[in-house]
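First comes the structure, then the notes that go with it.
The values are calculated or read from the model by the stated rules, or taken from the named source; none is laboratory data. Bear in mind the structure is a predicted one, so any value in this text is a computation, not a measurement. Because the Cβ atoms are built from the backbone with ideal geometry, glycine has one as well, and the counts that use them run over all protein chains shown. Just so you know, the surface numbers come from the protein's heavy atoms only, side chains and all, with ligands and any DNA or RNA stripped out. Shrake-Rupley method; radii C 1.70, N 1.55, O 1.52, S 1.80 Å.
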Amino acid sequence: MEFPVGLKYTKDHEWIELSSGVAKVGVTAFAIDQLGDIVHVDLPKVGDSFEAGAAFGTIESTKTVSDLYMPVAGKVVEVNKAATDNPESLQSDPYKNGWLVKLEVKGTPTAGSLLDASAYEAFVADGSH
């Protein structure tokens, strides 16, 4: 399973790519693997603002519906229409084209709340998630 090094991760299985004030947010390959076949993704509108840890949408599989949680505070500046139009595409490419929203980050993200790739890999390997 892939855990790209340039990303940060949450214990709720979202990933974030921080770069120059705009961040991409998506769902990890581990979470998608656990969910199974993705059938629907419900995402916020451009302009919606969220605090870190707030639910910003849902991802639905043939097994369950799960909330999506914002890794950092920010305002949505773009929504990935390809992910909502073809949610099954997240299974083949959760990191590059599988981002869900782009955010204008508010403030400075707290490093303590985000995991690097090796810490996230250890977290999911632990099995207590």
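Shown for the chain: lysine pairs separated by 8 or more places, or found on different chains, whose C-alpha atoms are under 16 Å apart, numbering 16. Taking 0.36 nm per residue of separation and subtracting the current Cα-Cα distance, fully stretching the chain between K96 and A119 would add 6.2 nm.
Which value in deg cm²/dmol, rounded to the nearest 500, describes the helix-derived mean residue ellipticity at 222 nm for the chain, given -39,500 (n - 2.57) per DSSP H run of n ≥ 4 and division by the residue count?
On the way: 4 runs with 26 residues, N = 129.
Mean residue ellipticity at 222 nm (helix-derived): -5000 deg cm²/dmol.
Here segment 34-71 is scanned for amide nitrogen atoms under 16 Å from the site 7 Å beyond the Cα of K81 along Cα-to-Cβ, giving 43-47.
Taking every alpha-carbon pair under 8 Å whose residues sit at least 6 apart, the chain reaches a relative contact order of 32 percent. Average projection, convex hull of the Cα set of the chain: 7.0 square nanometres. First measure r as the distance between the Cβ atoms of V65 and M1, then evaluate 1/(1 + (r/R0)^6) with R0 = 25 Å and state the FRET efficiency to the nearest 0.05. Efficiency, from the Cβ-Cβ distance: 0.65. Within the full protein context, the accessible area of D12 is estimated at about 80 Å² for a probe radius of 1.4 Å. For trypsin sites (Lys or Arg not before Pro), the sites in segment 56-129 that DSSP calls loop and that have at most 16 other Cβ atoms within 10 Å are K63, K96, K106. Of the accessible area of the chain, computed with a 1.4 Å probe over protein heavy atoms only, carbon and sulfur atoms account for 48 percent.
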